[in-house]
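The values are calculated or read from the model by the stated rules, or taken from the named source; none is laboratory data. This one's a predicted model, so the numbers in the text were calculated from it and none came from an experiment. Because the Cβ atoms are built from the backbone with ideal geometry, glycine has one as well, and the counts that use them run over all protein chains shown. Heavy atoms of the whole protein, side chains included, go into the accessibility calculation; ligands, DNA and RNA do not. Shrake-Rupley method; radii C 1.70, N 1.55, O 1.52, S 1.80 Å.
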Amino acid sequence: MAKGKKRVKRRSENGLSVSSGSSGTNIVCSASPNSRSIELGLLLSLAILSVFLFGFYESARALPDVPQNIPTLQGTNLNLAKDETTISSNRDLQQQQQKGKNRFANMVPKMRGTKQKVVVPKAKWPISVRDEDGDFETIIHPGDQKTPMSVPKFWSPPIHNDQLMSRETAMKIGSCTEPDKHGNYARGDDCPHHQRTIYLAIASYRDFQCRFTLESAFLRAKYPDRIRVGVVDQIVDGEDPRCNEPIKPCDQNPHQALCMYKDRVDVYEMEAELSIGPVFARHIGHRLYRGEYYATQNDAHITYVQDWDVDIIKQMEATNNEMGVLTTYLTDVQGSISEEGKSLRDTRPIMCNTDYEGGVQGQHLRHGSQPERVPHIVGSPQMEPYWAAGYSFSRGHFVVNVPYDMYMPMIFQGEEMSIGIRGFTIGYDYYAPERSVCFHHYAVGANAKKRNKVKHFWENSNRYAGTGKAAMTRLLGIVHMNPEKDPSTWDHTDEDFYGIGGVRTPERFYEVFGIDVVNKKTEHHLCRFVDSGKMHNQFKKLLRKDGMGVDYGQVTYKFKDPAPNEK
């Protein structure tokens with residue numbers, strides 16, 4: 001049972017007050033107004049004291065640095081938030097990020113074309129970052145460039161080694177709920193489907209429906225004990241409900257998912273004013289991953305169908321592609337689910353419609369509305385070129401190999417290009433699910449009134465003004481979408497960690513799917529090639545025999561608009 005919360009506030013050097021607590025409490029950064037009236041006597045006393053402290057400070061600076069990797073949260077309920085305690089390494093971290101140093105240089109060997117030994121952490125189940133007190137690391141908030149934050153370490157650095165990952169390596173990632181006779185939880189293909197674990201990542205911004213999403217995820221799963229959820233909950237304390245807070249007290253209704261499965265939910269909680277968009281929130285969500293067999297990502301306001309976990313795994317395995325990622329924009333929930341929790345839809349969206357748009361952050365690709373029809377391909381998910389952030393289901397190594405870039409403050413539209421194209425270069429292929437296993441609560445129809453009341457991270461735009469433009473330049477630079485920019489003009493920090501792979505090039509993607517990154521144009525009507533099933537039927541033949549992705553070295557197709565005179 002979660003312990004009672006005790007809150008203590010202290011001022012940090014950056015003008016924020018830190019709310020922290022004892023065992024089982026939240027650690028939250030919150031704004032604190034300055035005092036407007038200080039007596040003259042107090043000022044004089046402080047002046048004298050400051051002279052003494054300055055001398056003490058100068059003496060202390062001469063001492064050797066002491067590692068400051070001390071956890072700031074204890075207890076059974078993980079509601080992690082920002083650790084704004086001033087640390088001695090703060091200045092070094094700032095300098096590293098500003099100068100573009102690779103903080104992960106010792107974790108990720110980047111010797112293109114040279115095979116390196118890949119060490120994958122040992123799989124465990126059950127598992128939680130609550131068990132890792134003392135093993136967090138400190139980063140600097142990429143929006144304000146001054147707030148230190150205590151965050152979980154990545155479970156593993158990328159393991160693709162800048163080349164096509166072997167199936168043997170891929171099988172080392174993915175926990176089973178039961179070990180083999182030797183005590184190993186990573187059983188690869190030998191793990192029965194119903195024992196394969198699922199990590200569900202959710203980034204929530206002041207969303208009252210987040211906990212309802214968790215309720216449906218657990219209660220409508222056939223095997224809820226194999227599910228673990230990682231939530232990045234960006235809230236205003238006292239105004240917004242927490243994502244892991246039961247809808248009713250557990251003593252009144254103990255059968256709620258957030259009562260029965262609370263130990264399977266890890267929540268990283270942060271003050272809403274520190275939010276800089278979904279990319280950074282989902283970056284932290286990737287840090288919460290702990291070696292599960294599958295990894296899924298969805299928004300904080302969706303509803304799952306009955307036995308969704310069994311269905312989506314069945315669809316995933318039907319691709320016969322270890323590098324397959326099922327992803328799409330979700331259909332609206334209204335009229336989509338029966339009272340019994342079953343889907344009422346026989347249609348599904350497919351990702352194929354995108355074009356350039358401009359704005360203060362510069363020209364970039366943005367996905368438009370996607371066609372939703374009965375699938376042309378039956379018995380398997382259907383290949384598509386693009387990845388969607390609103391719903392993604394994959395093997396766990398996708399999260400390991402394509403981590404969200406930490407240095408993308410105030411990015412929204414570019415998120416899908418970053419992950420999608422980077423994933424393509426590492427060897428991943430994207431599929432539209434044949435059947436939808438969850439549906440989205442859009443701000444339309446009967447849901448318009450309540451959904452329109454939910455705040456968005458854009459309310460922090462003034463606080464982080466200007467950061468989005470620089471972040472977009474970095475994003476486009478990494479995936480080679482702004483060749484007109486001098487590479488020396490954008491930030492290359494940790495690019496080895498958050499960069500592209502060596503299996504395919506971004507240029508190959510643009511060539512095949514009709515994207516002109518020089519003139520900022522796309523070949524229109526790509527959906528006629530994708531939605532019709534032509535792409536699937538052509539590219540499926542080029543799937544490698546060991547199931548490790550489509551061999552684009554054999555792809556000769558180059559899409560051209562079949563109807564250039566049509567809109």
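In table form, for the structure just shown:
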quantity: Value of relative contact order over the range 290-415, rounded to a whole percent, pairs C-alpha under 8 Å and six or more apart; calculated: 38 percent
quantity: Per residue accessible area of the range 527-567, 1.4 Å probe, in Å²; calculated: 63 Å²
quantity: Per residue accessible area in Å² of the range 197-258, where ligands, DNA and RNA are left out and the probe is 1.4 Å; calculated: 36 Å²
quantity: Between the range 408-475 and the range 534-567, the alpha-carbon center distance in angstrom; calculated: 26 Å
quantity: Rounded D (µm²/s) - the range 381-500, Kirkwood Rh over Cα pairs, Stokes-Einstein at 37 °C, 0.692 mPa s; calculated: 198 µm²/s
quantity: For the range 295-349 and the range 178-193, distance of Cα centres in Å; calculated: 26 Å
quantity: Where Rh is the Kirkwood radius over Cα pairs, Rg/Rh for the range 281-366; calculated: 1.01
quantity: Under the Karplus curve 6.51 cos²θ - 1.76 cosθ + 1.60, θ = phi - 60°, whole-Hz ³J(HN,Hα) for the range 506-512, x wherever Gly or Pro sits; calculated: x, 4, 5, 4, 5, 5, 5
quantity: The range 181-285: proportion of alpha-carbon pairs further apart than 18 angstrom, %; calculated: 53 percent
quantity: ³J(HN,Hα) computed for each position of the range 478-486 - Karplus, 6.51 cos²θ - 1.76 cosθ + 1.60, integer Hz, glycine/proline x; calculated: 4, 9, 6, 9, 10, x, 6, 8, 5
quantity: Inverse mean reciprocal Cα-Cα distance (Kirkwood Rh) of the range 259-322, Å; calculated: 14.7 Å
quantity: Unit Cα scatterers, Debye sum, the range 453-567: log10 I(q)/I(0) for q = 0.15, 0.18, 0.19 Å⁻¹; calculated: -0.92, -1.06, -1.10
quantity: Amide H contacts under 5 Å for Val236, placed H, 5+ residues apart; calculated: Ala272
quantity: Of the trypsin sites (Lys or Arg not before Pro) in the range 200-246, those whose Cβ has at most 16 other Cβ within 10 Å and which sit in DSSP loop; calculated: Lys222
quantity: Descending semi-axes in whole angstrom, ellipsoid equivalent of the range 345-434, from the Cα gyration tensor; calculated: 24, 18, 10
quantity: Cα convex hull of the range 251-403, projected area averaged across orientations, nm²; calculated: 12.2 nm²
quantity: Portion, in percent, of the accessible area of the range 430-567 that falls on carbon or sulfur, probe 1.4 Å; calculated: 51 percent
